[in-house]
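Asks: Here you go, one structure.
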Amino acid sequence: MLHNLRSLHVSQNVRREAYDGPGKTTVTILNKNETSLLLINSYNQAGFTLNNGLKMVGPMVLFSKSLLFWNVASAKDINKDSLVLFSVLEPKLDLLIIGLEEDYEYEFIANLKKIIKDLGINSEILPVDQACSIFNFVNLENRYIAAALIPPKRNPLFSSFTIKKSNKKNPVTQSESD
């Protein structure tokens, strides 16, 4: 029975200058041969549709060629713990694009920017519709970026329309509009 025992040698390809101490987690990407970039085709209240047909439900973190679910319900849940992943990545991100589901007050955005700056991350905080466009554009430039996106609270198709009460007569019924 002992003659079937084989020794196993494991070597790690870790740069010594990148190691910060015991317990640092490393990730090996298995799909290195993947050549197509991930882009955002559309989004709605439920989530996002990517250019490869994948539909993601809820908040997500999107890199050039991979993605993760992001465990935040709204921008108010974003804190140092939910952003620490972006500060430990090697190599360091060129840019983190954060897409928020709705408009927030200046104070909230300023506090969020301070947390991100303290983590040493270059970032842009935008409404989710602008964040998707910027991610696609910068990703096509082959830069090392990530997007942390939260689906919008309102349907994006109708969010820019405002319904106003009209005092004009309706030409079909010849009555006042309600």
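The values are calculated or read from the model by the stated rules, or taken from the named source; none is laboratory data. In this text the structure is predicted, and so the values were computed from the model without any measurement. With ideal geometry, Cβ positions are generated from the backbone for all residues, glycine too; neighbour counts draw on all protein chains shown. Ligands, DNA and RNA are excluded from the accessible area calculation, which covers all protein heavy atoms including side chains. Shrake-Rupley method; radii C 1.70, N 1.55, O 1.52, S 1.80 Å.
Asks: Which Rg and Dmax, in Å, describe the Cα atoms of region 40-149?
Replies: 13.0, 38
Asks: Then there is this: So which of LYS76/LYS153; LYS80/LYS153; LYS55/LYS80; LYS65/LYS92; LYS55/LYS92; LYS65/LYS153 end up more than 18 Å apart by C-alpha?
Replies: Violating the 18 Å Cα-Cα cut-off are LYS80/LYS153; LYS55/LYS80; LYS55/LYS92; LYS65/LYS153.
Asks: Over region 40-149, what is the mean sequence separation of C-alpha contacts under 8 Å (at least six apart), divided by residue count, expressed as relative contact order in percent?
Replies: Relative contact order for region 40-149 comes out at 30 percent.
Asks: Order ASP129, ASP118 by their accessible area, 1.4 angstrom probe, all chains in place, largest first.
Replies: ASP118, ASP129
Asks: Grab the beta carbon distance between ASN122 and ASN51, set R0 = 30 Å, and tell me the FRET efficiency rounded to 0.05.
Replies: 0.75
Asks: Moving on to the next point. With labels modelled as points extended 7 Å from the Cα through the Cβ direction, what inter-label distance (nm, one decimal) is found for ASN155 paired with LEU89?
Replies: 3.4
Asks: If you count, for each residue, the other Cβ atoms within 10 Å and average over each peptide, how do 58-71, 102-115 line up from highest to lowest?
Replies: Listed from highest to lowest mean packing, they are 58-71, 102-115.
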